[in-house]
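Before any comments, here is the structure.
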Amino acid sequence: MALVNLKDVIWDAYRHKYAVGSFNVINMEFLEAIIGAAEQCYSPVILAIAEVHFPYVNIENITPAIRDVARRARVPVVIHLDHGTSFEAIIRALRAGFTSVMFDGSLLPFEENVNRTREIVKICHTVGVTVEAELGHVTGGEGGKGNTQQLSPEEYYTRVDEAVEFVRRTGVDCLAVAVGTVHGLYKGEPHLDFDRLARLNDALRIPLVLHGGTGLSAHDFRQAISLGVAKINFYTGMSVSACDAIRESLKRKPDTIDFPGLMQDCKRSIQRVVERNMDIFMSAGICQTPNTLCNACTGCALKPTPSGESGSEEDLIRRVTETTVEVLRQFGY
Ligand code: 13P
């Protein structure tokens, strides 16, 4: 139905207290599994490609396919750059046709993070692309076996006063916050700082982003959503399930030479993981009548626009106005 940007979906999620999952794509199996889950669940979805995965996935090759899949999907789809740390990655994503980017300056000094993020926002907003930034720092690495850094929370959790200044000076569309999650597998039980999250939400009043989704409980997710998290990033759990699926298949058929069969097993297991998360994030069913809540939805699941894109809120207003005028004309006004 629609290739949209982050603003088109996360404000609705923020207002109605659900979260849109951001799932990393590293190849066609991931792409088809994630889209398959989104359509099965009638859920908006964010397809993310992380800069750290650029060695595995050529974005110039895969983005045309993603854009095509997104346009034909019956749910709104965002194509998002995850953890863009270099100017080059941001520009490559824009050229390739991403509708959203994350600029991650979280390891930079505050002033430098502000200045570089503001520059990226200016460029991206000019061409209708949304921007996520990160303040504080979510440690660990996507797909990694656990956080090994020994930092105290004060050293890397997001500070409320800084976050307010950061959002005001940069104009970002949403903010990734550090409240105790880590990328990759957790060592021990995760303990999120919900009190800090509540204070961030009260002070900022914009959609918040939770990175490091793998390993959190349904209770943690729901609590975070109730405190302003409208986008949840999830990757390692899909990678683990794909590897498990291959191991399991090879155990059952050690002599197999059926590579496509192994890929199908991967795809099915990834899709199951994504569907489960969409249920937990409460985005499942959002795109199903009568729940046409999301800004991106004007019933265009049934009636795609000529360009195939739902576009921005301005685009939405234009289309609603045109339809209203057309109806009034029909009634002789
Ligand atoms: P996990 O790999 O821990 O699920 O985190 C993914 C993520 O935050 C991507 O930015």
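Coordinate-derived values only; no laboratory data. Remember, predicted model here, so these are calculated numbers, not experimental data. Reconstructed Cβ throughout: ideal geometry from the backbone, glycine too, with neighbour counts over all protein chains shown.
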Amide H contacts under 5 Å for residue 104, placed H, 5+ residues apart: 84, 85
For the range 107-112, 3J(HN,Hα) per residue [Karplus equation, 6.51 cos²θ - 1.76 cosθ + 1.60, θ = phi - 60°, Hz, x = Gly/Pro]: 9, 8, x, 3, 4, 5
Listed pairs 187/231; 122/231; 17/187; 187/253; 187/251; 17/267 exceeding 31 Å between Cα atoms: 187/253
Whole-Hz ³J(HN,Hα) from phi, Karplus 6.51 cos²θ - 1.76 cosθ + 1.60, for the range 12-23, glycine and proline x: 5, 4, 4, 5, 9, 6, 9, 10, 8, x, 10, 10
The range 164-225 versus the range 231-281: alpha-carbon centroid distance in Å: 27 Å
Separation of alpha-carbon centers, the range 1-67 and the range 90-120, rounded to whole Å: 19 Å
Distance-filtered residues of the range 66-101 - backbone nitrogen under 17 Å, label point 7 angstrom along residue 119 Cα→Cβ: 84-94
Added length on full extension, which subtracts the Cα-Cα distance from 0.36 nm per residue, residue 40 to residue 111: 21.2 nm
Of the chymotrypsin sites (Phe, Trp or Tyr not before Pro) in the range 1-67, those whose Cβ has at most 13 other Cβ within 10 Å and which sit in DSSP loop: 56
Per-residue ³J(HN,Hα) for the range 69-77, Karplus 6.51 cos²θ - 1.76 cosθ + 1.60, θ = phi - 60°, Hz, x for Gly and Pro: 4, 4, 5, 8, 5, 8, 9, x, 10
Beta bridges by DSSP in the range 1-121, antiparallel share as percent, to the nearest 5: 0 percent
